[in-house]
Amino acid sequence: MGKRVIISISSDIGINLANRWIKQGHQVTGTFRTQSPAIKKLSEAGVDLVYADLSNVGNLNTACKTLRQKCLNWECFVMAPGSQDPIGMFADCEFE
C-alpha cells in the first residue's frame, strides 16, 4: 500500500481519512497543532505525526523539512486546515 500525507490530520476530515486509510493498510503521516484524544488514537494506530503550527512560519518550515524526510514517494497529499473564524458554524450562518 502507499504513503499518504494529511496536513491538519487533527481536523474532522483528516481524522476520518486517516482512519479509513489505516484500515486499508496505507502508511499515513499527518500534521497536528493540538493534542486530543483523536490524535492519541491515531498515534496508537501507527500514524506518523508531525507537530505543525501553520500560523508560525518558523515552526511551519521545521515541519516541512521533517515531512520531506519522512514522506518520500508519497502517493496522496491532502490539505485539510481550516477555521470557522470569523464566520462561525456553517449551520448558524446567515446565507444572505
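The values are calculated or read from the model by the stated rules, or taken from the named source; none is laboratory data. Since we're looking at a predicted model, the values are computed, not measured. Glycine also receives a Cβ, built like all others from the backbone with ideal geometry; neighbour counts cover every protein chain displayed. Surface accessibility is based on the protein's heavy atoms, side chains included, excluding ligands, DNA and RNA. Shrake-Rupley method; radii C 1.70, N 1.55, O 1.52, S 1.80 Å.
Here residue 44 meets each of (1) modelled with pLDDT of 95 or more; (2) open to solvent by 80 Å² or more (accessible area, probe 1.4 Å); (3) of a type in the set (Asp, Glu); (4) within 12 Å of the chain's Cα centre (by Cα) with one exception, condition (4). If only residues of region 51-75 that are surrounded by 12 or more Cβ atoms within 10 Å (Cβ to Cβ), out of contact with any helix residue (DSSP H, G or I) (no Cβ under 8 Å at 6 or more places or on another chain) and not in a helix (DSSP H, G or I) are counted, the one that is modelled with the highest pLDDT is 74. Sub-7 Å Cβ pairs linking a first residue in region 29-50 that is closer than 21 Å to residue 68 by Cα and free of Cβ contacts under 8 Å to residues at least 12 places away in the same chain to a second residue that is of a type outside the set (Val, Ile, Thr) and open to solvent by 10 Å² or more (accessible area, probe 1.4 Å), at least 6 apart or interchain, are 43/49, ordered by first then second residue. Scanning region 12-41 for residues that are within 19 Å of residue 81 (Cα to Cα), among the aliphatic types (A, V, I, L, M) and open to solvent by less than 50 Å² (accessible area, probe 1.4 Å) turns up 15, 17, 18, 28, 38, 39. Of the residues in region 13-23, none is assigned to a loop (DSSP other than H, G, I, E, B) and without any contact (Cβ under 8 Å) to a residue 40 or more places away in the chain. The set of residues from region 51-78 being in contact with a Cys (Cβ under 9 Å, 6 or more places away or on another chain) and within 13 Å of residue 3 (Cα to Cα) comprises just one member, 77.
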